[in-house]
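The values are calculated or read from the model by the stated rules, or taken from the named source; none is laboratory data. Nothing here was measured: the structure is a model prediction, and the numbers come from that model. Cβ placement follows ideal geometry from the backbone for every residue including glycine, while neighbour counts extend to all protein chains displayed.
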Amino acid sequence: MTGKHEIFQSLKQQILQIEGFKEPLLTEKTSLGRINEAFPNNVFPFSALHEFFCSNKEQVAASSAFIAALLSSHPYKTGTIVWISSSFQLFPPSLKWFGIQPHQVLFLHVKKEKDIAWAVNEALKCSSLSAVVGELPEMSLTASRRFQLAIEDAGVGCFILRANPKNLLTTAVSRWQIQPMHSKIEDGFPGLGHPRWQVKLLKVRNGKPGTWDIEWSNGGFHYVSRLAVIHKTVQKQTG
Amino acid sequence: MSKRFVSIWFPYLTTDWHARKQPALRDKAFVLKATVRNRVIIIAANSLARAQGIRNNMVLADAKALYPSLHVMDDKPTLTTQLPDRIAEWCIRFTPVAAADYPAGILLDACGCTHLWGNEEAYLKDISSRLSHRGYAIRVGMADTIGCAWAMARYGSQTIVGKGKQLEALLTLPVTALRLNGETVAVLQKLGLRHIKDIITIPHTSLRRRFGPALLQRLKQAIGEEDEGIVPVYPIEPYGERLPCIEPIKTRVGIEIALQHLLTNLCSRLCKEGKGLRKAFFRAYRMDGGTSGIEINTNQPSQNIEHLFHLFSIKISTIEPKEGIELFVLEATVVEEAVIKQEVLWQTNSGLLDTKVLDLMDRFAARFGHETIQRFLPTEHYWPERSFKRASTLKEEPTTEWKLDRPRPLHLLSPPELIEVTAPIPDYPPMSFRYKEQLHKVVKADGPERIEQEWWIQEGKHRDYYAVEDEEGRRYWVFRSGHYNDTKSPQWFLHGFFA
């Protein structure tokens, strides 16, 4: 029996490796902290296909920020980033807030979704890049499969922003939704605090989905206990 | 190596062209007319009209008197320049160096070309038969010099002048065969110097004193004592490859094979000389005389066959083969010194100047155009829209720091969108605002941060920016344009979304 179990374990590991969940080096962990635990091997698979669902512009901005923060927090992937979108919306100087040198990002603006898919696929084949971010609302199953194959070859991280998607069937390793939430300043000062998001991991292959509240401050992720936040808003309402 | 030139003369160039367009004219005597100084004169007459004694520059009325049923058409003045250009372009199938020789001739530099047809006779025969098949009456001449070939095409009895024999061939020809202007010819005629043999014996100093340097120059050029160049219709690129096809090519596969073949030759040559191409042009010459071509650009000098082929292959579908392509030409129009990089064992993935990244950018540029790829650098402006600029190259480094002192939204609306707000006077943040039919209640706010117009760039109102958070935790960047005043309340705009 034990022999069988071991065989299953090793086969599972092999499949995971093919899918992009490489056996982690100790130092390769991102500073994602607790979210890492949602993934197999307790490590965020950087070189994989991740999709971000957004239902409005605010969520697109929050997702972009979260992606930028993810990219900057990865210790070994500090190369060039290609950002492919249909319109020019990102404000490059702000990327610096999330730890990315804006002049290290190459932006490609193409109108048609078909062309965006082509460009993402082409970029994923280029192993010198660290990551590709694409704004592709309708990613088809075929497109996602192609991306997955390219990722397995070249090991580039792929982050797809999907605004109001219709097609839910893709081969993405993880599916996220990032929602902005109330910021907070210590000691009750007026004004806005650091950006805070409710990070929902809707789907993760071979892992455990979950929801976390995260604040981005001082160049790192910080977990927020949900109670504290709720408490604050209640106070605001009564006062 | 001695030079060989072919001169082609079209005695009835424009009339032949009209006959080609309207086959009914072939058996008619017809002339082309134009009005010069209020007289209608004949610009060109076809061979049948000439047989009736009609000459060029005759007054039309005189010609009508000679031959009443003469067909008359209007002359197109642009034809005499357009036609030689077009035919010279077509003649590139015989030699890479083809030039128009106005008003009715073509010059070809035939060095190293004739052996492809077997010998010079076969070469000229092919040219003549192809052109006469197209409906042009032609005369050709071939010699070591342009002057001699020109004279042979127009006045000579033989078509091919052997190597170094131009003097003998020219002796019996009239002086007009030397390409002289009208005045010089008239003076020579007056003096009884009708043939070249008459003037060749006169000492050069006397000739120069009497007729100026032009006559002497033409004489020397014809004999071969002075060099003369021609200006080809297509400038010859020093880095170019040609591939003539025996059978016309019509399929994509055929075009790809031709391209691959040309690229292999060109790149091996570039590689030997330590150069790389930045811009290349691939041109296909069709059977019907048309051409179509595709151009590629690279971000760095390249001699990588696979990469260049990939760049071309994105555009191959724009080549129209129609009846078939008979010649492919690949030219490297911009070539630069390429530093042959030492192969690295460990590809470190950093930087924009990595070869693979550059190759990727080339592919993007080939498909979408250069302007779609953007990279940004910081500039020292507070006005948000001007706080960054497009980098012109991938190598360009920032000259100043990206500013981090004030929070800025990650998504910026351009242009800012008008919103309706409820805000207390004078400079408090809004209590609520309406954007796209949705009401947002402001819970928290920061500001104002005043950003003034840079008057040396643009005049206008200043902006008072507020960062606001609504009741659902969404963060926005809004601004009030200008001051409150008595008559009109200022407009508010939404400018961006914070993360």
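Restricting the stretch B:208-262 to residues that are part of a strand (DSSP E or B) and among the aliphatic types (A, V, I, L, M), the residue that is farthest from residue B:197 (Cα to Cα) is B:249.
If the condition is being in a helix (DSSP H, G or I), under 23 Å from residue A:65 (Cα atoms) and more than 9 Å from every other protein chain (Cβ to nearest Cβ), then the stretch B:361-418 contributes B:385, B:386.
Can you tell me which residue within the stretch B:134-179, out of those that are part of a loop (DSSP other than H, G, I, E, B), in contact (Cβ under 8 Å) with a residue 60 or more places away in the chain and touching an Asp or Glu at 6+ places or on another chain (Cβ under 8 Å), is nearest to residue B:84 (Cα to Cα)? Residue satisfying both the conditions and the ranking: B:136. Residue pairs whose Cβ atoms lie under 8 Å apart, separated by 6 or more positions or on different chains, with the first residue in the stretch B:409-434 and among the basic types (Lys, Arg) and the second surrounded by 14 or more Cβ atoms within 10 Å (Cβ to Cβ), are B:434/B:419; B:434/B:421; B:434/B:440. Of all residues in the stretch A:54-104, those satisfying the criterion of being modelled with pLDDT of 90 or more, under 21 Å from residue A:43 (Cα atoms) and not aliphatic (A, V, I, L, M) are A:63, A:66. Among the conditions (1) in contact with a Leu (Cβ under 6 Å, 6 or more places away or on another chain); (2) touching a residue at least 60 places away in the same chain (Cβ under 8 Å), residue B:109 misses just one, which is (1). Scanning for something within 11 Å of chain B (Cβ to nearest Cβ), basic (Lys, Arg) and touching a Leu at 6+ places or on another chain (Cβ under 9 Å), does the stretch A:164-177 turn up at least one residue? Within the stretch A:164-177, not a single residue is within 11 Å of chain B (Cβ to nearest Cβ), basic (Lys, Arg) and touching a Leu at 6+ places or on another chain (Cβ under 9 Å).
Residue A:225 satisfies every condition listed in (1) away from chain B (no Cβ under 14 Å); (2) surrounded by 16 or more Cβ atoms within 10 Å (Cβ to Cβ); (3) at pLDDT below 80 except (2).
Candidates in the stretch B:450-499 are the residues that are assigned to a loop (DSSP other than H, G, I, E, B) and facing another protein chain (nearest Cβ under 10 Å); of these, the one that is nearest to residue A:185 (Cα to Cα) is B:473. Taking (1) under 23 Å from residue B:106 (Cβ atoms); (2) at pLDDT below 85 in turn, residue B:178 satisfies each apart from (2).
Selection of the stretch B:385-400 for residues being in contact with a helix residue (DSSP H, G or I) (Cβ under 9 Å, 6 or more places away or on another chain), free of Cβ contacts under 8 Å to residues at least 60 places away in the same chain and not hydroxyl-bearing (Ser, Thr, Tyr) yields B:388, B:391, B:396, B:397, B:398.
Looking only at the stretch B:77-97, decide whether some residue is among the charged types (D, E, K, R) and over 21 Å from the mean Cα position of the chain (by Cα). So far as the stretch B:77-97 goes, no, none of its residues is among the charged types (D, E, K, R) and over 21 Å from the mean Cα position of the chain (by Cα). Where strands (runs of 3 or more DSSP E) sit wholly within the stretch A:53-136, those with at least 1 residues that are under 24 Å from residue B:414 (Cα atoms) and more than 9 Å from chain B (Cβ to nearest Cβ) occupy A:80-85, A:129-135.
Each row is one residue, and each column tells you yes or no for (1) over 24 Å from residue A:169 (Cα atoms); (2) among the hydrophobic types (A, V, I, L, M, F, W, C).
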{"residue": "A:71", "(1), (2)": "yes, yes"}
{"residue": "A:88", "(1), (2)": "yes, yes"}
{"residue": "A:93", "(1), (2)": "yes, no"}
{"residue": "A:106", "(1), (2)": "yes, yes"}
{"residue": "A:109", "(1), (2)": "yes, no"}
{"residue": "A:116", "(1), (2)": "no, yes"}
{"residue": "A:126", "(1), (2)": "yes, yes"}
{"residue": "A:130", "(1), (2)": "yes, no"}
{"residue": "A:136", "(1), (2)": "no, yes"}
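Screening A:210, A:188, A:134, A:157 for residues that are at pLDDT below 90 and under 30 Å from residue B:354 (Cα atoms) leaves exactly one candidate, A:157. The set of residues from the stretch B:137-179 being aromatic (Phe, Trp, Tyr) and touching a Cys at 6+ places or on another chain (Cβ under 8 Å) is empty. Evaluated against (1) more than 24 Å from residue A:210 (Cα to Cα); (2) more than 8 Å from every other protein chain (Cβ to nearest Cβ); (3) touching a strand residue (DSSP E or B) at 6+ places or on another chain (Cβ under 7 Å), residue A:140 falls short on exactly one condition, (3).
From the list A:37, A:51, the lone residue that is at pLDDT below 90 and of a type in the set (Asp, Glu) is A:37. Just one of the numbered conditions (1) over 15 Å from residue B:499 (Cα atoms); (2) surrounded by 16 or more Cβ atoms within 10 Å (Cβ to Cβ) is not true of residue A:182: (1). Within the stretch B:61-78, can one find any residue that is among the polar types (S, T, N, Q), crowded, with 19+ Cβ neighbours inside 10 Å and out of contact with any Asp or Glu (no Cβ under 6 Å at 6 or more places or on another chain)? No: zero hits. A count restricted to the stretch A:158-190 and to residues that are part of a loop (DSSP other than H, G, I, E, B), among the hydroxyl-bearing types (Ser, Thr, Tyr) and within 21 Å of residue A:16 (Cβ to Cβ) stands at 2. Looking only at the stretch B:297-315, decide whether some residue is within 30 Å of residue B:134 (Cβ to Cβ) and either without any contact (Cβ under 8 Å) to a residue 60 or more places away in the chain or part of a helix (DSSP H, G or I) (or both). The answer is no; no qualifying residue exists.
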